[in-house]
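These notes concern the structure reproduced below.
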Amino acid sequence: MNTMDTPLRDGFPLLAASPDLHYLDSAATSQIHRSALDAVARHETTCRANVSRGTYRLAEAADRAYEQARQTVARFLNAGAAGEVIFTSGATASLNLVAHAFGNTLKAGDRVLISVAEHHSNFVPWQMLRDRTGIELALIPVTDAGQLDLARLPELITGNCRLVAVTQCSNVTGAWTDVATLVEAARKVGAKVLLDGAQAVQHGPQDVRALGIDFYAFSGHKCFGPGGVGVLWGREELLAKLSPFHTGGGMIGEVTPQATTWAPPPQRFEAGTPPIAQAVGLAAALEWMMTLDWQQIHARESRLCELLVDGLLRIPALRLLGPESSAARAPIVSFDIPGLHPHDICQVLDARNLALRGGHHCAQPLMAALGIDVCTRASIALYNDETDILALLDGLSFALRELA
Ligand code: PLP
C-alpha cells in the first residue's frame, strides 16, 4: 500500500521536472502519472492495432489490452459488469451521450432536473434536448454556500421527472452533492440518476452501485490519466434499452441497404475507432489509484484545504465561495476579491510559478446565482503539499499589493 510518506510528486514526470512549480489547477486537468504515460508508450510500441476488427495476433493483443482496460474501470467504479463501461473522449462526450441516447426515450412534458451548479457540459446538452423535444428542464437552486438546495426537492422532483442529472462535486465551490438524498427522492417517482463525476474521481475510487445511481461520467485527464479518453458507466439493463448516439463502424449488428441493427452495449455506444492507447493509459492510472491509502490522502487534502481557507479568510474583502467546512467540499477553493480581475491575479501568481485558474469555470449559471461573473480557483490534488499553499497565500498578498 502506497502511503503519503511516499513522495507522490515524484510519480508525476512534469512535477518532478519542475520542482519550483506550484500546480493548483488539478480541477481543470490533473498531472499525468508515470504509470499512465508508460502504459501508453508500451501499448503504442508493442500492441498498436485497431480493436474489434483484426484477426492477426497484434490486433488480438490490442483487443485484450482494450478490454482489460474496461475491466479495470469497472473495478474502479465497482460496476456490476465490464460491459457497463463505455469509453468516450471525455466527460463532456459521456454527458452528451446520455442527453441523446436517454433523451431519445423522453417526450414533450417529461422533466429533466439538473442544478444551477452544473458545468456547462451538463447544462447545455439538456437545454438543447429541451429545445428539440419540448421536455421540461428544471433547476435545483444553490444555497448561499453554493450547495445544492435539496430542501427544494419535494417541489422539483415531480411525477413527470424522468432524470436527475447533477454534479457529484462542484468544479467551482468544491461542494459535494448529497447523492443519497437525491437518489431517494428520484426513486420515489421512478426517475433515473446521472452523476457527473468529473471532479470526484481524482479524489478516489467510486462505488456506483453503493451510490445507487444509473449513469456516471468522468474524464481520464482529471484522474492522472491521459487526455482524450473518458467513461460513461450505465446500468446494463438501462443501456440495453437505449439506441446509439453516434453511428458508424464498430457499433452495428448488421447493415443492409434498407436498415441497420445495433451491437449490444458497450460497443453500441462506441462508434468508430475508440481512444485505445488512452483507455489503456487511463486503466494504468486507475490501477495505481487503487493501490493508494485514500483515507490518508483525504485527511491530507482536507488539512491543506483548511490551511488555504484559513489564510484566505484573513484577506480583507475576499469572499470565499462555497462551504467553509472542508468536510463539505472537495479541496477546490474559489474566491472573489472585489475590484481585482481573476485573470490579473492569475498572471501575477504565474510569475511566481503558481498555476491557478481564473474565469467563469464553464459554470456561468452558478456564477450568476452567486452574484459574480468570474472568480479565482485553487484546486488541490494528492501531489500538493504545504509549500504550495503557503506560496499561494504569500503570492496573493503580493498580488494584492501589486494590483491595488
Ligand atoms: N463536469 C465537470 C464538473 C467538470 O469540472 C468538467 C471539466 O472541468 C466537465 C464536466 C467536462 O470535462 P471534460 O472537459 O474533460 O469533458
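Figures for the structure shown
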| item | result |
| --- | --- |
| Lone qualifier among Gly146, Gly190 - being more than 16 Å from the ligand (Cβ to nearest atom), in the same structural domain as Ala79 (by TED's automatic domain parsing), on the phi > 0 side of the Ramachandran plot and not in a strand (DSSP E or B) | Gly190 |
| Residue list for the range 234-251, restricted to those being more than 16 Å from the ligand (Cβ to nearest atom), on the phi < 0 side of the Ramachandran plot, assigned to a loop (DSSP other than H, G, I, E, B) and in contact (Cβ under 8 Å) with a residue 24 or more places away in the chain | Arg235, Ala240, Lys241, Leu242, Ser243, Pro244, Thr247, Gly249 |
| Boolean, Val231 is modelled with pLDDT of 95 or more, in a strand (DSSP E or B), farther than 27 Å from Phe335 by Cα and away from the ligand (no atom under 13 Å from the Cβ) | no |
| Every pair of residues 6+ apart whose Cβ atoms lie under 6 Å, when the first sits in the range 281-310 and is outside any helix (DSSP H, G or I) while the second is crowded, with 22+ Cβ neighbours inside 10 Å | none |
| Residues located in the range 78-95, provided they are in a helix (DSSP H, G or I) and either hydrophobic (A, V, I, L, M, F, W, C) or within 12 Å of the ligand (Cβ to nearest atom) (or both) | Ala82, Ala91, Thr92, Ala93, Ser94, Leu95 |
| Tally, over the range 51-77, of residues that are open to solvent by less than 60 Å² (accessible area, probe 1.4 Å) and either assigned to a helix (DSSP H, G or I) or within 17 Å of Leu286 (Cβ to Cβ) (or both) | 13 |
| Residue list for the range 96-128, restricted to those being open to solvent by less than 10 Å² (accessible area, probe 1.4 Å) and more than 16 Å from the ligand (Cβ to nearest atom) | Ala101, Gly103, Asp110, Val112, Leu113 |
| Selection status of Leu182, within 16 Å of the ligand (Cβ to nearest atom), free of Cβ contacts under 8 Å to residues at least 40 places away in the same chain, within 12 Å of the chain's Cα centre (by Cα) and farther than 24 Å from Arg300 by Cα | no |
| Subset tally (residues that are surrounded by 20 or more Cβ atoms within 10 Å (Cβ to Cβ), more than 12 Å from the ligand (Cβ to nearest atom) and not in a strand (DSSP E or B)) for the range 154-178 | 1 |
| Residue satisfying condition, being open to solvent by 30 Å² or more (accessible area, probe 1.4 Å) and under 25 Å from Tyr383 (Cβ atoms), within set Ala317, Ala283, Ala279, Ala327 | Ala327 |
| Where Ala93 falls short, out of the listed (1) open to solvent by 10 Å² or more (accessible area, probe 1.4 Å); (2) farther than 16 Å from Gln267 by Cα; (3) aliphatic (A, V, I, L, M) | (2) |
| Residues (open to solvent by 20 Å² or more (accessible area, probe 1.4 Å) and at negative phi) located in the range 78-90 | Gly80, Ala81, Ala82, Gly83, Ser89 |
| Residues (of a type in the set (D, E, K, R) and assigned to a loop (DSSP other than H, G, I, E, B)) located in the range 311-339 | Arg314, Glu324 |
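Yes or no, residue by residue, for (1) under 20 Å from Glu60 (Cβ atoms); (2) in contact with a helix residue (DSSP H, G or I) (Cβ under 6 Å, 6 or more places away or on another chain); (3) assigned by TED's automatic domain parsing to the domain that holds His203:
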| position | (1), (2), (3) |
| --- | --- |
| Arg235 | no, no, yes |
| Leu238 | no, no, yes |
| Phe245 | no, yes, yes |
| Gly249 | yes, no, yes |
| Gly253 | no, no, yes |
| Pro257 | no, no, yes |
| Pro265 | no, yes, yes |
| Arg268 | no, no, yes |
| Val280 | yes, yes, yes |
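The values are calculated or read from the model by the stated rules, or taken from the named source; none is laboratory data. What you see is a predicted model; the values in this text were computed from it and never measured. Positions of Cβ are backbone-derived with ideal geometry, glycine not excepted, and every protein chain shown enters the neighbour counts. These accessible areas exclude ligands, DNA and RNA; they are computed on the full protein's heavy atoms, side chains included. Shrake-Rupley method; radii C 1.70, N 1.55, O 1.52, S 1.80 Å.
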